[in-house]
Each structure stands twice: as C-alpha cells, then as structure tokens.
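Peer 1: Please find one structure pasted underneath; my questions will follow.
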Amino acid sequence: MEWVPSPRPIKYSTPSPPTTPARQFSPHITPITPSPFDPAELHLAMQELTPLPKSAIASSAPIARLPYELLVEIFIHCLPKHPFIIPSRVQAPLVLTQICREWRTIALSTPTLWSSLHINYHDRSKDIPSTILWLSRSGDRPLSISLSIDFNEQRHQGILDVLSAHSHRWQHVRFDFRHLLCPRKYHLTRAAHRTPQLRTFEFHAQDISNTNITPITKLLNAAPGLREVSWVDDLADTDTMLELPLSRLTRLSLAMDRGTLDYLELLDQCSNLEHIRITRPCVDALPPRPPLLLSKLTSLNISHDLTGILDHLVLPALKHVRIHAEHERQHRSYYGATPATAEAWSPAPFLSLVERSACAVESLCVNAPMGEQDLVECVRSTADSLTRLSVMGVEVSDVFVGLLTYPEQDSLSFGLCTSLEELTLDTRITCASGVLTRMVESRLSIPSGEFREDTRKQLQKLRVLDGHKDMRRLRELGAEKMLNVDVIPRKEVKMRPKMLYRRKVCPSR
C-alpha cells in the first residue's frame, strides 16, 4: 500500500513537562471554556476512525525508531495542561489518532491518555455515546471528570448514570450545575458509597435549590478519601455547608455571591484544615466569642473585606498569606496601583493575628486598597521569617524601597527581611532614580561579618513592573550577579467604547 500524505502537516516540538495528577487550588476560579468544535463533528471523530496509512512518517525519521514505551511517554507529555481535557481534534489525545496507524494503535491502547475529560453537556444522542467510548479507553486508571450542565429545570439523568458507573475510579471531579430551582431532578444513587479514590471535588452552583444540592453533600459524606473541596454557590447558607464532611478536609475554597455564611461556625468543624480560600460575601461585625484555634492551617487566601474574621482566629502554623481585593484585575489602573476611589483596607486584624498566633509567615502577597505605611507595618510584622514578598496595587515610594535596603557594612543592624529571596513589585514604583537599584545591589553583595556571623540571604528572584528609570540597570545586575529578573509588562485597562445600536423594525410593520 502506497503512503498517502496526511491532510494536515505533521509538526514536531519539544514536549512540555508533565503535569502532576493531583489538582491544586488556584488563586482564581475560572470556568472551563467549552470545546470550540461542533458536538456532531466530535461525535464522528470518536465513533468513526478514518482509515490511515500504515506509517505517515519516513522510516529514516528519528521518531520512527523510538521504542513503544518511549512513544507512550511522549504522548502523555502532549496532553493539555488543564486538569480536565476538553476533547478537540487538534489536541491530544484525539490528534494522536489521526497521524498514522501505529500512532493510533498506541494512543488507543494507552489508558492514561483518556483518564481526563470535560463534558459540556448539550445533546443526549451525541454526548452520552462519546462519553461512554472515551471512558472505555481509560481502562482502570483513576479519572478526572468535569461535567457542565444547564438543567433548565429538566431531567438529565442519563449522563450522570454513565459517569456514576465509573465512580469507583473518580479521583478529581468537577460539577457545574445551573438552573435547578424546582424539586429534585437528578440523583447520584449509583455513585453513593462507591467513591473510594475521590480526593478533590469542585462544585459550581448557579440558581440551585437546597433540595438539588442534597445529592452532592450525601455523595461527599460517603467518600472516605475526600480531602479537598472547592464550593462556588450563589445561594449558599451555613446549614448546607455544615452538611459537608468538613472534619476530613485539608483544603477548602469557598466563594459566595448572596449567601449568608457564618465562616467561624464552619471553621470550627475544620480541625484538619491546612489551606483555606474564602471570598464573598462581606461579613458584618461578629459578636464576641472565644478565639478559634486551627493548629494545622498553613495557608490563608482571603479577600480583604473578610479579614475581620482574623480577630477571632489563632493560627500558630500559618506560613503563606494572600490578601486580595475581589475582582482585583478590575481594580488595577494603568500603573498597577489601586484607584483612590477604592475603600481603604485596615491591616489591624492581620497584624493582631500574627502577634497573637506567634506564627512565622514565610510568603506574603498583598493586593488590597491600602496606603504605603500600612504595607510597611505588614512587612515589619512578618520580617523575621519572610522569604517571598509580593506587592500589587499598592503604590510604593522611597519609604518602602528604603526599608528593604540593607544598611552599610559598618552598621550595627542587618536590616529588615534578612531571609527574603523573592520579591515582586507589580505596582507603581515612584521612588527616585537609583533608589531601587541600591536596594537590589545591597541584597546581592553581602559581606561576611568580622565579629559575628551574617545570616542574611541573597536575593534570588526579582519581578518588577516595567516603566521605572532603573530598569536598564536592573537587567544588567541580573546578568552580572546571576539574579533572575522578570520585567512585568504594563497593561492599560481599556474602557469599552460606547456602542450605538439601531432598533430593528418588526417585519410585520
């Protein structure tokens, strides 16, 4: 049989590093983009494999001489980096089945390639058969499954039953349910008590009644290995959240729109929590109560308008803190600073938390509407243990930059933040020319002390917003002193132009 050229050219590129199977909570929760391809086309791609030549690659090509096991590893490296694969005919794994017969055979017989799937459910007649076929190729591998359904007050039990049949292999699951305010329209009976491998669960609910959330909470309570939950709900309440297996969780992310949550009552049940991320809604003044001790919590990611709850917490193991403004990208101006119209944030609850907990904060990221002096106080309170500092949206001047500059050699003190190794200034820097350079130089040239041991760390990584007069010299220092200098480009926030719409005239008039 003569070789017939493939309809699309074959491109070779260096494989990207493999992604870890375990999901990490990102600072921002972003919806999964639906597949740009027509479901009917994708259905045909899954069901009907067009006959291909035995080999579309010349036998002299190096890749044609690679052993089977190495090709499998290369194929796995070709998978998209997203934890849930969106089926596409131009991305792995589907594209690997369209090159030649050998590659198709290898791809179809490698279960890892098919162990992740995002389903943007629309059509029962196409989506269900495609899902069944995809999962049949995953063998006995643990599954990462994402399902997005707009119920529109209708039943869609079929796709849930297909996924529930594989619940014993669920490892990372994401459900995005919308428009279910009527009585219960679905169940997860086939998956109940059959989720031994489930580790992380992410739930996005929009216009979902409590009755239709009950199957989710029952499912999670019956999952013995569940450790991470991300819950985004516009109608959440404390009673519903208390139905979750909070005592088993090590990571918890909560984002609400119009809910009424008592965060302290929830945290009181989270005895094993190590990471917490909470945004919205703003908490009113809390009544006096005894401080709540969370002895295992090491990471705190919180919206600046919720920091009032910090007055009621004791976190002795806290190491990583991120305080941000909700919708922070919209709050940033051209120079990266927070507009003066934003309500100022007081760091007093955070400062008292650090003092009360006697914790050693190693990384601090601040992006809140605040003044430079308040930022200085935050840095001072964590200076002894701080190794990574990130400042966004807070305009800094000679005051702050001078604070981070090591004193002269004959000084009696070592200076502030002696353990700092990474510094990010993604904000407007108004210090005079040369001040920023002197600060960086002081942290790159650390002399050995004559009468005492100098424990100061050298700066390893610097990220600075572009536009400062010292930028050229900073790049030179990066080359001379082996400093990793990353220049952050300035992005102007474009205002939407006013659009004029012409009303369409009704054809019947």
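Just so you know, all these numbers are worked out from the coordinates, no wet-lab data involved. For clarity, every value in this text was computed on a predicted model and none was experimentally measured. When we count neighbours, we look across all protein chains shown, and the Cβ atoms used for this are built from the backbone with ideal geometry, even at glycine.
Peer 1: Within the set K81/K126; K319/K457; K185/K296; K81/K461; K218/K319; K81/K319, which residue pairs have Cα atoms separated by over 30 Å?
Peer 2: Cα-Cα > 30 Å for K185/K296; K218/K319; rest within.
Peer 1: Evaluate the range 95-200: find the radius of gyration of its Cα atoms, find its Kirkwood radius, and give the ratio Rg to Rh.
Peer 2: 1.02
Peer 1: In the range 379-400, whose amide N lies under 16 Å from the spot 7 Å out along Cα-to-Cβ of K461? List them in ranges.
Peer 2: Under cut-off, by backbone N: 386-392.
Peer 1: Name the long-range amide H neighbours of K457: under 5 Å, sequence gap of 5 or more, or other chain; modelled H, no Pro or chain starts.
Peer 2: S419, L420
Peer 1: By average Cβ neighbour count within 10 Å, what is the ranking of 196-207, 77-88 from highest down?
Peer 2: 196-207, 77-88
Peer 1: Suppose every K and R has +1 on its Cβ and every D and E has -1 on its Cβ; what is the size of the dipole of the range 157-219 about the Cα centre, in Debye to the nearest 20? Please report the intermediate quantities before stating the final value.
Peer 2: On the way: 9 positive and 4 negative charges, 40 e Å.
So the dipole magnitude of the range 157-219 works out to roughly 200 debye.
Peer 1: Can you list the HN-Hα couplings for the range 478-491, worked out from phi with the Karplus curve (6.51, -1.76, 1.60; θ = phi - 60°), rounded to whole Hz and with x for Gly and Pro?
Peer 2: For the range 478-491, the Karplus curve yields x, 6, 6, 9, 6, 9, 7, 9, 10, 8, 8, x, 7, 10 Hz.
Peer 1: Let me ask something else about it. Taking H placed 1.01 Å from N in the peptide plane, check which residues at least 5 places from E202 or on another chain put their amide H under 5 Å from its amide H.
Peer 2: Under 5 Å from the amide H of E202: V173, R174, F175, S230.
Peer 1: Going toward the positive end of the dipole of the range 165-219, with +1 on Lys and Arg Cβ and -1 on Asp and Glu Cβ, which of T195, T217, F175 do you reach last?
Peer 2: Value: T195.
Peer 1: Of the options L351, L474, M439, report the single residue whose Cα projects farthest towards the positive end of the charge dipole of the range 343-486 (beta-carbon charges: Lys, Arg +1; Asp, Glu -1).
Peer 2: Working it through, the farthest residue towards the positive pole turns out to be L474.
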